[in-house]
1. Ranking L59, L29 by Cβ neighbours within 10 Å, fewest first, what do you get?
2. Treating the beta-carbon of each Lys and Arg as +1 and of each Asp and Glu as -1, no other charges, what is the dipole magnitude of the stretch 2-80 about its Cα centre, to the nearest 20 debye?
3. Percent relative contact order of the stretch 2-80, based on C-alpha pairs within less than 8 angstrom and at least six residues apart?
4. Ordered by residue, what ³J(HN,Hα) values in Hz, to whole numbers, does the stretch 54-70 give under the Karplus form 6.51 cos²θ - 1.76 cosθ + 1.60, where θ = phi - 60° and Gly and Pro are x?
5. List every residue whose amide H lies under 5 Å from the amide H of G55, counting only residues 5 or more places away in sequence or on a different chain, with H placed 1.01 Å from N in the peptide plane.
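Every number in this text was worked out from the coordinates using simple rules, so none of it is lab data. Fair warning: this is a prediction, and the values are worked out from it, not measured in the lab. Cβ placement follows ideal geometry from the backbone for every residue including glycine, while neighbour counts extend to all protein chains displayed.
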Amino acid sequence: MISSDRPKISSPTQVLCSYQNRTSTIEILRMDDPGCDPFERIVFPGQIFLFEATGESHLKIFYAVSSEAIEMRRISCRTLQVDEGV
């Protein structure tokens with residue numbers, strides 16, 4: 001299943017990015033960096049999420065490690081950039 005959040009590109013510095021939830025749990029993705037349209041999305045196991053961001057932005061991924069703890073990791077959008085074959 002692929003979901004997409006493709007707002008109109010407001011800047012030529014924005015790139016298409018892809019993230020896949022490779023875990024067996026639900027994750028919450030959040031983008032709130034300056035220069036990008038902010039969003040927060042729930043991503044189910046196996047789901048692929050497409051979005052646009054600047055290469056300097058970071059995607060925050062929140063996930064539960066227990067019933068009492070939530071952890072967060074950050075991934076550079078540059079590493080998530082899709083090769084559109086241009």
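1. The order, fewest Cβ neighbours first, is L29, L59.
2. That gives a dipole near 220 debye.
3. The value is 33 percent.
4. Those phi angles translate into 6, x, 8, 6, 10, 8, 9, 10, 10, 8, 7, 9, 6, 6, 10, 9, 10 Hz.
5. V15
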